[in-house]
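Since the structure comes first, as structure tokens, the remarks are kept for the end.
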Amino acid sequence: MSETRRFYRHYAEIPIEVWNADDSTLAMTETMLQCTKNISLGGLSFESAVSFERGDIVGVRILIAPPKEVIGRVAWCAPSDTGKFTIGIEFLDGVSDSSEQVVEEACQEKVYKEMLQDIAYDMMTHSTLDLM
């Protein structure tokens, strides 16, 4: 795994579904719900209880509104400290309008979730002060 990055990584926990696109018998019937660790214009990484082989072709549905599907190749798979595997996926279409759109929407969703958390915290803090 090279530390030289072509694209900026956005650290975001975004729900995704992953399936092995190499195996036509699995098709999309055996998808695994995961969560990204980070995403960039070139790919994404996630943690999984299941390992993948380097070079495996996978389908990824990024569960943003509306969901986006991409095809990728497993660039690397390494054991993590949690006993699972951290997997890096390279988007096969390279940098495209769709990968730019996916990253942009994922980042907007992350910002939106953080904003909602801040609002909820502020509401809880202010309502607690009102009770005193």
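Note on residue 92 and residue 32: their simple-model spin labels are 1.9 nm apart, each label 7 Å out from Cα toward Cβ.
Positive contributions from Lys and Arg (+1) and negative ones from Asp and Glu (-1), summed over other residues with Cβ under 12 Å from the Cβ of residue 16, come out at -1. Evaluating 6.51 cos²θ - 1.76 cosθ + 1.60 at θ = phi - 60° for every residue in the range 37-54, the Karplus couplings come out as 9, 7, 8, 9, 5, x, x, 8, 10, 8, 10, 9, 6, 9, 8, 10, 8, 4 Hz, glycine and proline recorded as x.
With a simple spin-label model that places each label point 7 Å from the Cα along the Cα-to-Cβ direction, the separation between residue 48 and residue 65 comes to 2.8 nm. Between the amide H of residue 43 and those of 91, distances stay under 5 Å, these residues lying 5 or more places away or on another chain, with hydrogens modeled in the peptide plane.
Per-residue Karplus couplings for the range 61-67, computed as 6.51 cos²θ - 1.76 cosθ + 1.60 with θ equal to phi - 60°, are listed in order as 9, 8, 8, 10, 9, x, x Hz, Gly and Pro entered as x.
Throughout, read-outs are computed from the coordinates displayed, never taken from laboratory work. On a predicted model such as this, the values are computed, not experimentally measured, just so you know. Neighbour counts are summed over all protein chains in view; Cβ atoms, including those assigned to glycine, are modelled from backbone coordinates with ideal geometry.
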